[in-house]
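The values are calculated or read from the model by the stated rules, or taken from the named source; none is laboratory data. Keep in mind it's a predicted model, so treat the numbers as computed, not measured. Cβ placement follows ideal geometry from the backbone for every residue including glycine, while neighbour counts extend to all protein chains displayed.
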Amino acid sequence: MKKSSIIILSVVGLVVIIGISMFFKATGTYDKAVGYQETTSQAWGNVEATYQRRMDLIPNLVSTVKGFAAQEKEVLIGVTEARASVGKVTIDASNLKPENIKAFEQAQSGLTQALSKLMLVQERYPELRSNQNFLQLQAQLEGTENRINVARQRYNDTVKEYNTFIRGFWRKMYLGWLAEEDEFTKKGSFESEKGAEKAYKVQF
């Protein structure tokens, strides 16, 4: 065999080996990206579940407060309207874009502020403060707020891992080969207010 033929075969063989290696790296990167994406979706599901738990508590809470402080119409209506506004902002786990998360967070922030005003009503009504049903709902709401904080933080952690992974130079290139357009895009995360100790808190 001529020397030139050997060189050509060697080059071809090297190219084939490199191609196979890059293919396996690309598919491995794709599979990992899918895994990170699924983890993020699951974390978002937990966020939604904790917020829904809070939504479910509100009607009973409003009803109980109304029984002792019906004249606090503005506060009661504010909570009811804020709850309705939150219900209009829904996000699919496949569409966790930064602007969507921001809209969701703003709606929830409005409800949190309304709930804080509602909880302040108890200061003017001793009978309400001592009502067993109200105390139980208050405790459940406080526990739910803690769950929300935990769920938000865990979601943020998964988003950080996902966003970091897909932004790597080689990973981005590999995903560009195998993934559909916009299949792996940056996901939004929750932001804490400046000076806030926790991402979310209803003042009791």
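Matching residues to (1) touching a helix residue (DSSP H, G or I) at 6+ places or on another chain (Cβ under 7 Å); (2) of a type outside the set (Ser, Thr, Tyr); (3) without any contact (Cβ under 8 Å) to a residue 12 or more places away in the chain:
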{"position": "Gln136", "(1), (2), (3)": "no, yes, yes"}
{"position": "Thr144", "(1), (2), (3)": "yes, no, no"}
{"position": "Thr158", "(1), (2), (3)": "yes, no, no"}
{"position": "Glu161", "(1), (2), (3)": "yes, yes, no"}
{"position": "Arg171", "(1), (2), (3)": "yes, yes, no"}
{"position": "Trp177", "(1), (2), (3)": "yes, yes, no"}
{"position": "Glu180", "(1), (2), (3)": "no, yes, yes"}
{"position": "Thr185", "(1), (2), (3)": "no, no, no"}
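Is it true that Ala93 is under 23 Å from Glu142 (Cα atoms), of a type outside the set (Phe, Trp, Tyr) and touching a residue at least 24 places away in the same chain (Cβ under 8 Å)?
On the way: under 23 Å from Glu142 (Cα atoms): no; of a type outside the set (Phe, Trp, Tyr): yes; touching a residue at least 24 places away in the same chain (Cβ under 8 Å): yes.
For Ala93, the condition - under 23 Å from Glu142 (Cα atoms), of a type outside the set (Phe, Trp, Tyr) and touching a residue at least 24 places away in the same chain (Cβ under 8 Å) - is not met.
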| Got a sec? Which of Gly78, Gly87 is assigned to a helix (DSSP H, G or I) and surrounded by fewer than 14 Cβ atoms within 10 Å (Cβ to Cβ)? | Gly87
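Return a yes/no flag: does segment 63-73 have any residue that is more than 27 Å from Gly143 (Cα to Cα), of a type outside the set (Lys, Arg), in a helix (DSSP H, G or I) and at pLDDT below 95. Even if it seems obvious, please write down each step before you answer.
So in segment 63-73, the residues more than 27 Å from Gly143 (Cα to Cα) come out as 71.
Narrowing further to those that are of a type outside the set (Lys, Arg): 71.
In the following step, the residues that additionally are in a helix (DSSP H, G or I) were identified as none.
Scanning segment 63-73 turns up no residue that is more than 27 Å from Gly143 (Cα to Cα), of a type outside the set (Lys, Arg), in a helix (DSSP H, G or I) and at pLDDT below 95.
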| request: Mind listing whichever residues of segment 135-166 are closer than 17 Å to Ser41 by Cα and of a type in the set (Ser, Thr, Tyr)? | output: Tyr155, Thr158, Tyr162, Thr164
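Regarding segment 125-147, can at least one residue be identified that is of a type in the set (Ser, Thr, Tyr) and closer than 27 Å to Glu191 by Cβ? Show your work before the answer.
Start the filter on segment 125-147 by keeping residues that are of a type in the set (Ser, Thr, Tyr), which leaves 125, 130, 144.
Now restrict to residues that are closer than 27 Å to Glu191 by Cβ: 144.
Within segment 125-147, one or more residues are of a type in the set (Ser, Thr, Tyr) and closer than 27 Å to Glu191 by Cβ.
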| query | Taking segment 70-105 on its own, how many of its residues are of a type in the set (S, T, N, Q) and either in contact with a Lys or Arg (Cβ under 8 Å, 6 or more places away or on another chain) or farther than 22 Å from Ser41 by Cβ (or both)? | reply | 3
| request: Looking for whichever is surrounded by fewer than 19 Cβ atoms within 10 Å (Cβ to Cβ) and either under 16 Å from the mean Cα position of the chain (by Cα) or assigned to a helix (DSSP H, G or I) (or both) here; the options are Ala43, Ala49, Ala33. Which one fits? | output: Ala49
| Within segment 129-177, which residues are of a type in the set (A, V, I, L, M) and at pLDDT below 90? | Ile166, Met173, Leu175
| task | List the number of the failed condition for Asp56; all other conditions in (1) modelled with pLDDT of 85 or more; (2) part of a helix (DSSP H, G or I); (3) surrounded by 13 or more Cβ atoms within 10 Å (Cβ to Cβ) hold. | result | (3)
